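Visitor: Take this structure first; my questions come after.
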Amino acid sequence: MIIEGAAMHHCVGQYIHVAKERSSQFFSIKDKSGDRLATAEVDTDRHHLKQIFGPYNQLVKRSTYGCFIGWLDSWRDELSLMNEHKIRSTFRAIDFDRYTPD
């Protein structure tokens, strides 16, 4: 998370206490070439998006937001199952080469 915060020039690295409490999961959103587009925080129990920001805390493009929401909707059941079994990764990298906004 510290690396993500440094690379994106925002404060996600300061959320380590939230990750340790496992009340949120954090996602590094990357494009097909591996370039970082955004960082998202998702509530661990309800699996809803808490926040999503691009570099320097900029708002993300509508297409990036739409892709992430589509991914989150498609993974909600899996995230619930992981939560049920106490398998909680607090930080993940995902790319959107397979996801497109509706």
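The values are calculated or read from the model by the stated rules, or taken from the named source; none is laboratory data. Just so it is clear, the structure is predicted and the values come from calculations on it, not from any experiment. FYI the Cβ positions are ideal-geometry reconstructions off the backbone, even for glycines, and counts take in every protein chain you see.
Visitor: Quick test for you: out of Ala19, Ala6, pick the one residue that is within 19 Å of Gln58 (Cβ to Cβ), surrounded by 11 or more Cβ atoms within 10 Å (Cβ to Cβ) and not polar (S, T, N, Q).
Guide: Ala6
Visitor: Okay, next question. For segment 1-54, which positions are within 14 Å of the chain's Cα centre (by Cα), among the hydroxyl-bearing types (Ser, Thr, Tyr) and not in a helix (DSSP H, G or I)?
Guide: Ser23, Ser24, Ser28, Thr39, Thr44
Visitor: Another question, if that's okay. Identify, by number, the condition in (1) charged (D, E, K, R); (2) modelled with pLDDT under 85; (3) under 21 Å from Gly70 (Cβ atoms) that Lys30 doesn't meet.
Guide: (2)
Visitor: How about segment 6-27: which of its residues are of a type in the set (Ser, Thr, Tyr) and modelled with pLDDT under 85?
Guide: Matches in segment 6-27: Tyr15, Ser23.
Visitor: Tell me, which residue of segment 33-67 that is surrounded by 14 or more Cβ atoms within 10 Å (Cβ to Cβ) and over 20 Å from Gly13 (Cβ atoms) is modelled with the lowest pLDDT?
Guide: Across segment 33-67, the extreme among qualifying residues is His47.
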